[in-house]
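One structure is given here, and the rest of the page talks about it.
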Amino acid sequence: MKKPILLGTSTATSRTPCCSKVGIKKGPWTAEEDEVLANYIKIEGGGRWRTLPKRAGLLRCGKSCRLRWMNYLRPTVKRGPIAPDEEDLILRLHRLLGNRWALIAGRIPGRTDNEIKNYRNTHLSKNLISQGIDPRTHKPLNPVSHGSSQANQDDDDDVPESNLTPQAPSNLLN
């Protein structure tokens, strides 16, 4: 009897792969594939993603079909640039919720968690830095001082630990 290969706390044989990878197409989706997937889901509904590609006649894995539907083809997904009011809401929600992209996306209709994460990490982080704001903490960036590096590593040494936990402003989501 073969012993399973241990990876961390679970065995490598405990989960079956999402697809056999033999004959599975990779790379960009074609317009025809998009149409087949959208029509199939319109008629049969989504779900059961592992078996959907075969039933729909697609040479893609189930995960690829699910991601394509959820992030691009769903009728409720909003396309186009992020509006200024959405940008402001992303900033405020990120300040409140951190990197919980699915929670943030749930409060911005039509935008996916992945789209919001990518927009925040590529556009908003640069804007915050140019404004002198730390994109991780949303606090002003520390000015460069000429003192020792140890003295500048942690300015919160004299602040009680209870004051370091983030507090959400009550008017943040108004």
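Where a number appears in this text, it was derived from the coordinates with a stated rule and is not lab data. Since we're looking at a predicted model, the values are computed, not measured.
Values for this structure:
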quantity	calculated
Anchor Lys54: lysines whose Cα lies under 27 Å away (excluding residues fewer than 8 positions away in-chain)	Lys21, Lys25, Lys26, Lys42, Lys63
Integer Hz, Karplus 6.51/-1.76/1.60 couplings in order for the range 86-97, x for Gly and Pro	5, 4, 4, 5, 4, 4, 5, 5, 5, 4, 7, 9
Under the Karplus curve 6.51 cos²θ - 1.76 cosθ + 1.60, θ = phi - 60°, whole-Hz ³J(HN,Hα) for the range 49-57, x wherever Gly or Pro sits	5, 5, 9, 4, x, 5, 5, 8, x
Kirkwood hydrodynamic radius of the range 35-124, Cα pairs, Å	14.4
Cα shape, the range 31-73, gyration tensor, a/c 1.5 rule	rounded
Long-range amide H partners of Ile133 with built H, under 5 Å	Leu141
